[in-house]
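Below: one structure, written as structure tokens.
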Amino acid sequence: MDLHFKIQDWLKARKNHLCHRQLVIISGAENWAEKLSQEIIAVAEIPENKLLWIGDRLDSSLNVDCLTYRQHLGTEYDALVYNVYTGLSASALMAFSGTIMAGGGMILICPDFTRWPDYPDPLASKRSSYGYNQNNEQSHFTRRLISLIQNDLDTIVITPERINGHNVFVPQEDIGRKLNSSTPEQQTIITSISSMSDSHKDRPIVITADRGRGKSSVLGLAAKELIEKRSKQIIITAPNKKNVEQVFAFAQSSSIAQGDTNTNLAFVAPDALLAEPHEADLLFIDEAAAIPASILKALLNKFSSVVMSSTVHGYEGAGRGFELRFKPYLEKNKKGWKAFTLTMPIRWYKNDCLEAFWFRCFMMEDITSFSTDKHITTITEAVLPIHPDSIIANIESNKVIEISRAQLVDDPMLLHQTFSLLVNAHYQTSPDDLVRLLDAPEQRLFTYTLHSKVVGVALIIEEGGDNLSKLSTAITLGDRRVNGHMVAQNLALHTANQEFCRIKQWRIVRIAVDKPQRRNKIGSTLLNAISESAETKSVELLTSSFGASENLLNFWTQNKFAPLKLGFKRDAASDEVSMIVGRALSVNGSTSVSKVRDQFTKELYYHISRYHRMTNTALLSKLLTQCKCESITVDEQRRVACFLSSKNPFDTFSQVLAKYLLMKLSSIETSSDIPIGTDLLVASLLQFKPTETLVTEFKLSGKKALNKQIRLALIDL
């Protein structure tokens with residue numbers, strides 16, 4: 001039968017039956033694939049306002065750029081066409097797939113499968129560092145994507161010669177379920193919210209789920225019930241007003257008007273909510289993962305009844321930060337808080353084909369389901385050739401080895417274990433990171449295996465050297481900024497030293513260790529192996545950049561990395577300032593590190609009472625042990641002794657006491673040797689926190705007790 005008639009029959013069957021959302025691949029020449037997509041859209045009678053076209057489109061300007069995907073979250077379409085010829089963004093694919101309504105289709109226009117891995121992706125340069133041309137190599141990510149498509153029975157593949165695949169009909173038992181209506185899971189949460197509004201004050205409720213599970217509808221339905229039946233006043237906040245449109249849609253009633261502060265449900269931006277006085281019976285925080293942790297904590301302290309909802313899995317990278325960083329805060333400070341997870345989709349039917357495909361592609365499922373998934377088990381046998389050195393079972397246990405990109409894609413289990421560690425250990429891992437892991441030529445990957453399982457992984461990015469040296473002057477003067485080379489450029493600009501652009505260096509982007517194996521020195525073993533490998537390749541400097549915390553600082557300093565720069569600005573997701581650390585591997589590297597360490601010491605002393613006045617005091621105490629300080633004079637020793645033996649107020653002696661404190665801290669070799677009262681001394685003598693703040697923070701009875709504790713702490717030094 002002619003291809004045209006086969007496509008007609010396929011579309012007719014979709015019209016006559018209730019189908020799952022599906023992925024449709026049109027693989028061939030771009031013009032042919034675009035024309036066929038237009039024909040399919042026309043036959044399916046999809047109106048233009050219910051179609052989203054991403055990338056180039058023949059004879060039409062009704063298309064959008066793939067990198068604008070965040071603007072389309074929360075909207076819904078009957079069909080979506082993504083032209084891969086214009087550029088592939090993994091995060092966009094994942095996000096756009098969540099905008100397609102039940103029964104809809106996602107069409108991917110792509111080159112012929114034999115050519116696609118070698119196709120020069122227009123977005124490849126955005127995924128790699130300056131000086132590294134990704135288009136010179138075959139795309140391992142595309143090779144893997146093709147294998148998944150070919151082995152997925154629920155994906156339609158159309159080429160100029162044939163159409164493969166079939167429609168997937170919604171089972172009869174699911175057809176009767178009304179979409180976008182409340183589920184038993186949602187009713188349980190609504191009941192809990194209603195109960196909390198009366199009695200369970202200061203016990204926040206946290207709702208997490210993948211997209212399409214009805215978090216917004218839960219908030220809207222709960223608001224409607226609380227307002228109509230009990231006249232509760234509710235404020236809702238979110239990173240953007242557009243984020244809560246669905247909440248208001250579900251909450252619609254005569255007593256609710258979106259955005260009107262005189263009604264029972266009103267939207268207030270997070271910063272305005274803290275800056276101005278607001279009263280409410282409940283506070284709803286939608287997309288909480290995208291709000292800085294410091295603001296979330298302040299809101300929890302300001303309002304007694306708080307409900308937070310967050311997308312954790314798959315779309316917003318900040319969602320992992322909420323899981324890994326904010327929930328432990330709740331556990332410690334808000335005893336009795338409740339966590340709910342929505343699993344049943346409400347915008348499409350369960351066992352949705354489209355969601356299942358992209359979850360497999362970007363490894364969003366639990367690792368335990370990997371080996372039993374019917375779509376995955378045949379991949380290594382039927383499609384991908386197996387590299388003889390890449391099978392996990394053949395990797396020697398308790399050994400660190402470097403893994404190539406080809407090995408990762410040739411061994412799905414190795415890839416899954418490695419990427420799962422990266423996702424679960426860090427809040428900023430995104431679908432785009434999987435593409436970079438498989439394709440970015442400047443990245444290196446080291447793994448630690450135990451009993452044939454990957455339990456530790458370190459991700460490295462090459463920086464500086466020949467690729468950056470020709471731009472060193474422009475970068476140092478602030479006239480140029482290029483992709484990648486983050487620490488190399490940062491240090492060159494910060495120190496006005498072009499050498500940081502010129503020397504060859506490796507930046508350790510991630511170190512992830514399986515939770516049961518932490519505290520077993522696996523991270524340190526990985527670092528030592530990386531250092532040995534780097535030296536053999538004439539790398540002169542190892543660096544890393546991370547959100548500064550006490551535990552992380554301890555880890556890096558114990559592994560001979562020195563602090564080189566402490567940022568001022570807090571990260572929105574982690575609520576921590578950034579820190580750069582480094583470890584020299586050559587004489588030239590040692591010279592550069594020594595200079596920047598001296599600069600770091602002077603800047604920390606200067607900024608500690610200015611930009612770092614509100615920075616974690618315990619962190620600063622540990623950092624100060626890494627700084628060199630001159631000894632105090634005999635006359636200064638006499639003044640310190642005078643204060644210690646008197647009842648004089650510490651303010652009068654603060655300058656010399658601060659110098660004495662810095663000298664003492666610089667002589668401490670390990671952070672475990674820091675005396676207990678040191679944080680009080682740093683907070684009062686160096687950060688210059690107000691007396692009222694010090695009394696509250698250190699739980700003292702007043703100024704007299706503060707003076708006494710400062711004296712005792714100095715004696716303990």
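The values are calculated or read from the model by the stated rules, or taken from the named source; none is laboratory data. Just so we're clear, the structure is a prediction, and the values are computed from it rather than from any experiment. No Cβ is skipped: glycine too gets one built from the backbone with ideal geometry, and neighbour counts run over all protein chains shown. Ligands, DNA and RNA are stripped out before the accessible areas are found, and what is left, the full protein with its side chains, is counted by its heavy atoms. Shrake-Rupley method; radii C 1.70, N 1.55, O 1.52, S 1.80 Å.
Angle, helix 30-43 long axis vs. longest principal axis of the chain, Cα atoms, 0 to 90°, nearest 10?
Between the helix axis and the principal axis of the chain, the angle is about 70 degrees.
Calculate the FRET efficiency for residue 195 and residue 12 from the Cβ-Cβ distance with a Förster distance of 56 Å, rounded to the nearest 0.05. Intermediate results must be reported in sequence, preceding the final value.
Values: r = 51 Å, r/R0 = 0.91.
Working from the Cβ atoms, E equals 0.65.
I'd like the FRET efficiency for residue 161 and residue 688, computed as 1/(1 + (r/R0)^6) with the beta carbon distance as r and R0 of 60 Å, rounded to 0.05. Mind showing how you got there, number by number?
On the way: r = 75 Å, r/R0 = 1.26.
After rounding, the FRET efficiency stands at 0.20.
What is the dipole size for the chain, taken about its Cα centre, with +1 at each Lys and Arg Cβ and -1 at each Asp and Glu Cβ, in debye to the nearest 20? Walk me through the numbers before you get to the answer.
On the way: 81 positive and 78 negative charges, 563 e Å.
Its charge dipole is roughly 2700 debye.
Residues of the chain: accessible area per residue at 1.4 Å, in Å²? Walk me through the numbers on the way to the answer.
Working: 31360 Å² over 717 residues.
Here the residues of the chain average 44 Å² of exposed surface.
Compare 635, 479, 59 by solvent-accessible area with a 1.4 Å probe and give them largest first, with all protein chains kept in place.
On the way: 635 85, 479 115, 59 160 Å².
Largest to smallest exposure gives the sequence 59, 479, 635.
Which FRET efficiency value, to the nearest 0.05, do you get for residue 56 and residue 153 by plugging their Cβ-Cβ distance into 1/(1 + (r/R0)^6) with R0 = 45 Å?
Working: r = 30 Å, r/R0 = 0.67.
FRET efficiency, residue 56 to residue 153: 0.90.
Could you sort 612, 166, 451 by their accessible area in this structure, using a 1.4 Å probe and putting the largest first?
On the way: 612 5, 166 95, 451 150 Å².
Most to least solvent-accessible, the answer reads 451, 166, 612.
Quick check on region 136-207: what are the equivalent-ellipsoid semi-axes from the Cα gyration tensor, as sqrt(5λ), descending, whole Å? Kindly include the intermediate steps, with their values, before the conclusion.
On the way: eigenvalues 418, 103, 11 Å².
Sorted largest first and rounded, they come to 46, 23, 7 Å.
Taking the chain as the reference, fit the longest principal axis to its C-alpha atoms, fit the long axis of helix 215-230 to the helix C-alpha atoms, and give the angle between the two in degrees, 0 to 90, nearest 10.
So the inclination is approximately 80 degrees.
Go through 242/302; 15/224; 241/699; 6/215; 569/595; 224/515 and tell me which ones have a Cα-Cα distance over 32 Å in this structure.
Working: 242/302 24 Å; 15/224 36 Å; 241/699 40 Å; 6/215 40 Å; 569/595 24 Å; 224/515 42 Å.
The pairs that break the limit, which is 32 Å between Cα atoms, are 15/224; 241/699; 6/215; 224/515.
Between residue 242 and residue 118, what is 0.36 nm times their sequence separation minus the Cα-Cα distance? Round to one decimal in nm.
Working: separation 124, 0.36 × 124 = 44.64 nm, distance 3.95 nm.
Fully extending the segment from residue 242 to residue 118 adds 40.7 nm.
How large is the translational diffusion coefficient of region 47-88 in µm² per second when you combine the Kirkwood radius over alpha carbon pairs with Stokes-Einstein at 10 °C and 1.306 mPa s? The partial results should precede the final answer.
Working: Rh = 10.8 Å.
This corresponds to a translational diffusion coefficient of 148 µm²/s.
Between residue 35 and residue 402, what length in nm is gained on full extension when 0.36 nm per residue of separation is reduced by their alpha carbon distance? If you can, show how the numbers build up before the last one.
Working: separation 367, 0.36 × 367 = 132.12 nm, distance 4.54 nm.
Additional length available on full extension: 127.6 nm.
Taking only the alpha carbons of region 402-503, what extent do you get along each of the three principal axes, in Å, biggest first?
Sorted from largest, the Cα extents of region 402-503 read 49, 26, 23 Å.
For the chain, what's the relative contact order in percent, using C-alpha pairs closer than 8 Å and at least 6 residues apart? Present the calculation step by step, with values, prior to reporting the outcome.
Numbers: 1247 pairs, mean separation 71.9, N = 717.
Relative contact order comes out at 10 percent.
Return one number: the angle in degrees, 0 to 90 and rounded to the nearest 10, between the long axis of the Cα atoms of helix 486-495 and the longest principal axis of the Cα atoms of the chain.
So the inclination is approximately 30 degrees.
Residue farthest toward the positive end of the dipole of the chain, with Cβ of Lys/Arg at +1 and Asp/Glu at -1: which of 670, 141, 445?
My answer, from the dipole projection, is 670.
Per-residue accessible area for residue 32 at 1.4 Å probe radius, Å² rounded to 10?
80 Å²
Which of the listed residues, 111, 700, 163, is farthest toward the dipole's positive end in the chain, when Lys, Arg count +1 and Asp, Glu count -1 at the beta-carbon?
700
Please work out how much length the chain gains when fully extended from residue 477 to residue 5, using 0.36 nm per residue of separation minus the C-alpha to C-alpha distance, in nm with one decimal. Intermediate results must be reported in sequence, preceding the final value.
On the way: separation 472, 0.36 × 472 = 169.92 nm, distance 6.37 nm.
Going from the current span to full extension adds 163.5 nm.
Evaluated at 4 °C with a viscosity of 1.567 mPa s, what Stokes-Einstein diffusion coefficient in µm²/s does region 468-611 have when Rh comes from the Kirkwood expression over alpha-carbon pairs?
Working: Rh = 16.0 Å.
Calculated translational D: 81 µm²/s.
Working with all protein chains in place, sort 614, 663 by solvent-accessible area computed with a 1.4 Å probe, largest first. Walk me through the numbers before you get to the answer.
Numbers: 614 140, 663 40 Å².
Per-residue accessible area, sorted high to low, gives 614, 663.
For region 626-717, run through the GluC sites (Glu not before Pro) and keep only the ones in DSSP coil with at most 14 other Cβ atoms within 10 Å of their Cβ. Spell out each step's value before the answer.
Values: sites: 630, 636, 669, 692, 697; in loops: 630, 669.
For GluC sites (Glu not before Pro) across region 626-717 that sit outside H, G, I, E and B with at most 14 neighbouring Cβ atoms in 10 Å, the list reads 630, 669.
Could you run the Debye sum over the Cα atoms of the chain, one equal point scatterer each and no solvent, and tell me log10 of I(q)/I(0) at q = 0.06, 0.07, 0.10, 0.11 Å⁻¹, two decimals?
-0.44, -0.59, -1.14, -1.30
If I model a spin label at residue 697 and residue 64 as a point 7 Å from the Cα along the Cα→Cβ vector, what separation in nanometres do I get?
Result for the modelled spin labels: 4.5 nm.
Keeping the other protein chains in place, figure out the carbon and sulfur percent of the accessible area of the chain, with a 1.4 Å probe. Can you show the working numbers first?
Values: 15350 of 31360 Å².
C and S fraction of accessible area: 49 percent.
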